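Asks: One structure coming up, written as structure tokens, with questions to follow.
The values are calculated or read from the model by the stated rules, or taken from the named source; none is laboratory data. Owing to the predicted nature of the structure, the values given are computational and were not obtained by experimental measurement. Methodologically, a virtual Cβ is constructed for each residue, glycine included, from the backbone with ideal geometry; neighbour enumeration extends over all protein chains shown. Ligands, DNA and RNA are excluded from the accessible area calculation, which covers all protein heavy atoms including side chains. Shrake-Rupley method; radii C 1.70, N 1.55, O 1.52, S 1.80 Å.
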Amino acid sequence: MNRRRDTTYYNPQVNEKLDENGNVKRRVRGTFGGNNLNYPYPTMSPTADKVLVKIHQNSVISDRRNKKLDYRYMCVDLKSFYLGSKLDRSEWMLVPTKFMSQDLISELKLDEYIHKDHILFEVTGSLYGHPAAGRISNKDLVQHLERHGYTQSANVPCLFSNKNKSITFTLIVDDIGIKYVHGNNEIDHLLNILQKPISKWDIKIDRSGSQYNGQRLTWDYDKNTLITDVPNYVKQANHELMPNKPIRKYNTPSMYEPFQYGQSQMRDPKNYKPADAQGKKFVERVHGKYLWYSQHGDPTFQPSLLYMSTELANPTTRTVEAAERIVGYAEKHPNRGVHYRASDMVLKIQSDASHHGLPGSRSVAGGIFYLTDKNDPPDRLNGQIDTLCKIIDTSVCAAASESEYATLYMNGQRGCHPRVILNELGYTQPPTIIYTDNIVAKGIAHDEVTLRRSKAIHTRYHWIRDRVRQNQYNIKYLKGTKLDADFFTKPQPPIKQKHFSSRLVVPTA
């Protein structure tokens, strides 16, 4: 077969990040130009998601308390993970000689292969940038682990355990987070088979379990608590977004407009001037930078980013102001994390909605997913393993009760995944309680009200009623003043934003 069209380019990439002391570290990584490659085979590679990782980490401190065993957490990094696996077929890559020294060319006797200052190389092993590098490398690792007694869950990808589940671990590309019993020699077997000469990888072991997937983990094994945060992220992000510029600090992330009776509360972008090209680019960069951080570091950014996302295509001067406020809020609160405590590992959910809060009569759904003790009061949070802050875009809801009912459906669907994970880890779940402040939505879900106007509710939302009938969920009423999920549905007054922030995140050093 003629592979000339598949010949691609060599692309050196500079990776820049701050170390623990705030110093810039740079390294150059040679990558394969895979964007124009016609590769007909599967490329998807599984990876542990944030919900799995958070539940797994919660299980460490919870099992210490509940099982009275000295469980600990450690992290292992597989170096050069994408390199060394056999490709399904050979690829071809042109490398400019300007990236190679003359000594290297002479040593490898490459002079005769130079054509127009390039050398054509055959690539037989996986390489950074190849579409299937992650998938092939992951497949090699999974097979290697299985040969030595560590199997991947059939229901939860990238969750592994040994035969008696005394060791469990999650896998995010080349990062492994391991739960084990301290003082038990079983962990030595796992570490031994992960590294050379038994495996083909060099590994870096962090026995303190203090860094995983970009997060810092602060364990207190005496109090059975965990604090997760992302230090230096804000410092680096703001340096890239507003270099050498003074940043005005803000105490709250959202711009709040006091309620004006008799006026629509939907902010219409048409009332503001369009942003210029520089402002539009700034908005896009702020949204991109802080979207990941809101999911893995500080969830209090999520409502502001959601409202910003509705104007990304056509930002206005007000959108630029909102982006600057997010940067200023991050500058004011650069180091905050999520605090977890030991629990019975019982999943609970808070659900709330704001009705017609966006242009186009769209509503916003909010939710908090957390692990508690069986008898904990509903408003006693335990960090959060997941949050929901999303526009209800499947339909325009006709009433507040329909918005709340639709949000129950969205939170219920999102809650299925953590239920599977918890059951897989050995924490059998009772019917998961979802708290709502809308009696009508609760009544529809439990077949407690007579449907009249509610007959027009979108059919898909009745999924939650079916799951209640199956005893998978139990919808309970909770006063709106005690519902922290309210924070994720609308811009709050500054005093309430501070209140919710104090319950959702904690300051870290």
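Asks: Here are 2, 66: which of them is at pLDDT 95 or above and open to solvent by 50 Å² or more (accessible area, probe 1.4 Å)?
Replies: 66
Asks: Taking the range 216-230 only, how many residues are part of a loop (DSSP other than H, G, I, E, B) and open to solvent by 40 Å² or more (accessible area, probe 1.4 Å)?
Replies: Counting residues in the range 216-230 that are part of a loop (DSSP other than H, G, I, E, B) and open to solvent by 40 Å² or more (accessible area, probe 1.4 Å) gives 3.
Asks: Before we move on, is residue 233 among the aromatic types (Phe, Trp, Tyr), open to solvent by 20 Å² or more (accessible area, probe 1.4 Å) and either within 25 Å of residue 52 (Cα to Cα) or touching a residue at least 12 places away in the same chain (Cβ under 8 Å) (or both)?
Replies: For residue 233, the condition - among the aromatic types (Phe, Trp, Tyr), open to solvent by 20 Å² or more (accessible area, probe 1.4 Å) and either within 25 Å of residue 52 (Cα to Cα) or touching a residue at least 12 places away in the same chain (Cβ under 8 Å) (or both) - is met.
Asks: Filter the range 64-90 for residues that are touching a Lys or Arg at 6+ places or on another chain (Cβ under 8 Å) and among the charged types (D, E, K, R) and give the result.
Replies: Result: 70, 72, 77, 79.
Asks: Exactly one condition in (1) open to solvent by less than 40 Å² (accessible area, probe 1.4 Å); (2) farther than 24 Å from residue 485 by Cβ; (3) modelled with pLDDT under 95 is false for residue 264; which is it?
Replies: Unmet for residue 264, out of (1) open to solvent by less than 40 Å² (accessible area, probe 1.4 Å); (2) farther than 24 Å from residue 485 by Cβ; (3) modelled with pLDDT under 95: (1).
Asks: Here are 139, 116: which of them is more than 18 Å from residue 43 (Cβ to Cβ) and charged (D, E, K, R)?
Replies: Every option except 116 fails the conditions.
Asks: Pairs under 6 Å by beta carbon, first residue within 14 Å of residue 165 (Cα to Cα) in the range 133-153, partner at pLDDT 95 or above and of a type in the set (Gly, Ala, Ser), six or more apart or different chains?
Replies: none
Asks: Could you list, in sequence order, all residues of the range 116-145 that are part of a strand (DSSP E or B) and either touching an Asp or Glu at 6+ places or on another chain (Cβ under 6 Å) or not acidic (Asp, Glu) (or both)?
Replies: 118, 119, 120, 121, 123, 124, 125
Asks: Also: Filter the range 376-396 for residues that are assigned to a strand (DSSP E or B) and aliphatic (A, V, I, L, M); which is surrounded by the fewest Cβ atoms within 10 Å (Cβ to Cβ)?
Replies: Checking each candidate, the answer is 391.
Asks: Condition first: of a type in the set (Gly, Ala, Ser) and touching an Asp or Glu at 6+ places or on another chain (Cβ under 9 Å). Now tell me which residues in the range 324-382 satisfy that.
Replies: Those that are of a type in the set (Gly, Ala, Ser) and touching an Asp or Glu at 6+ places or on another chain (Cβ under 9 Å): 330, 337, 342, 343, 351, 353, 354, 363, 365, 366, 367.
Asks: For residues that are exposed (fewer than 14 other Cβ atoms within 10 Å of the Cβ) and either in a helix (DSSP H, G or I) or of a type in the set (Phe, Trp, Tyr) (or both), tally how many sit in the range 189-215.
Replies: Selection size over the range 189-215: 1.
Asks: Is one or more of the residues making up the range 347-355 assigned to a strand (DSSP E or B) and open to solvent by 20 Å² or more (accessible area, probe 1.4 Å)?
Replies: Yes, that holds for at least one residue.
Asks: Moving on to the next point. Scan the range 294-333 for residues that are within 19 Å of residue 278 (Cα to Cα), in a helix (DSSP H, G or I), of a type in the set (Ser, Thr, Tyr) and open to solvent by 10 Å² or more (accessible area, probe 1.4 Å) and jot them down.
Replies: Across the range 294-333, the qualifying residues are 309, 317.
Asks: Please verify whether the range 473-482 includes one or more residues that are hydroxyl-bearing (Ser, Thr, Tyr) and open to solvent by 20 Å² or more (accessible area, probe 1.4 Å).
Replies: yes
Asks: Can you go through 69, 52, 37 and tell me which one is touching a residue at least 24 places away in the same chain (Cβ under 8 Å), touching a Cys at 6+ places or on another chain (Cβ under 8 Å) and farther than 22 Å from residue 204 by Cα?
Replies: Being touching a residue at least 24 places away in the same chain (Cβ under 8 Å), touching a Cys at 6+ places or on another chain (Cβ under 8 Å) and farther than 22 Å from residue 204 by Cα holds for just one of 69, 52, 37, which is 52.
Asks: May I pose another question? Within the range 186-238, work out how many residues are more than 24 Å from residue 343 (Cβ to Cβ) and more than 23 Å from the chain's Cα centre (by Cα).
Replies: 21
Asks: Restricting attention to the range 484-495, and to residues there that are in a loop (DSSP other than H, G, I, E, B) and in contact with a Ser or Thr (Cβ under 8 Å, 6 or more places away or on another chain), which single residue is surrounded by the most Cβ atoms within 10 Å (Cβ to Cβ)?
Replies: Result: 489.
Asks: If the Cβ limit is 8 Å and pairs must be 6+ apart or interchain, which residue in the range 84-111 that is more than 25 Å from residue 202 (Cα to Cα) pairs with which residue that is of a type in the set (Gly, Ala, Ser)?
Replies: So the pair list comes out as 93/33; 99/30.
Asks: Considering only the range 441-462, state which residues are under 27 Å from residue 377 (Cα atoms) and in contact (Cβ under 8 Å) with a residue 40 or more places away in the chain.
Replies: 441, 444, 445
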